[in-house]
Amino acid sequence: MTTRNAFKFVVVLALVFAVAGGYGVFTAKASGRAGSSVLSLAPSRVVTPKETLSFQRSLSGDPGIALSPGVITPIDGMSMTCPGPGTCLYEVDEWIQINASAATPWSVLSSLDGNYMTGGGPFDYANTTNYVTGSWSESSTHVNPGSHKVQSYAYVEENAGTAYYYNFTYRVMKP
């Protein structure tokens, strides 16, 4: 086989692979499937079983409560009952407005029977002395039947502030 024939063979072979590869790409795109996708590497999302709403209550107000640095300050709360049989899922949607005396990290969070719920509320940052708002959702799973106290709090880390408008929605869900 001469060099020229070997070169032709390699070119034809490359062309065959290109056509076959192109066909595979176009048919995968047309079908909506991808043979090698980063989506297949992503972790699957967590889905809880279907739940039904057993109880919901929204509390709101404008308390003007002083927030001391480093102190988790109660804003509002209530008792809710998990009806038996079986356990419940407790959920809280929290929204609050804070006015800090100076720039400071701050958070809104809730507890169930004195134990912080999942998440514990992320830190937000008040970078001015203007009003800032934040929201967060938390939950506690496998709550036993009976009455339980849910409490929502505000926290400022470095500088004092004041808690103003808030809205907390508390829910009890049954699986």
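Observations, loosely collected:
- Value of relative contact order over the stretch 52-174, rounded to a whole percent, pairs C-alpha under 8 Å and six or more apart: 49 percent
- Projected onto their three principal axes, the Cα atoms of the stretch 45-107 cover extents of 48, 30, 18 Å, largest first.
- Cα-centred dipole magnitude for the stretch 54-132, charges only on beta-carbon of K, R (+1) and D, E (-1), debye, nearest 20: 60 debye
- Intensity falloff of the stretch 108-169 expressed as log10 I(q)/I(0), Debye formula with alpha-carbon point scatterers, at q = 0.16, 0.20, 0.29 Å⁻¹: -0.59, -0.84, -1.45
- Positive dipole terminus of the stretch 52-174, leading residue within Tyr155, Met80, Leu112 (C-beta point charges): Met80
- Counting Lys and Arg as +1 and Asp and Glu as -1 over every other residue whose Cβ lies under 15 Å from the Cβ of Tyr165, the net charge comes to -4.
- Using every pair of separate Cα atoms, the Kirkwood estimate puts the hydrodynamic radius of the stretch 52-174 at 14.6 angstrom.
Taken together, the values in this text are just the output of simple stated rules run on the coordinates, not laboratory data. Fair warning: this is a prediction, and the values are worked out from it, not measured in the lab. Cβ: placed from backbone, ideal geometry, glycine included. Neighbour counts: every protein chain shown.
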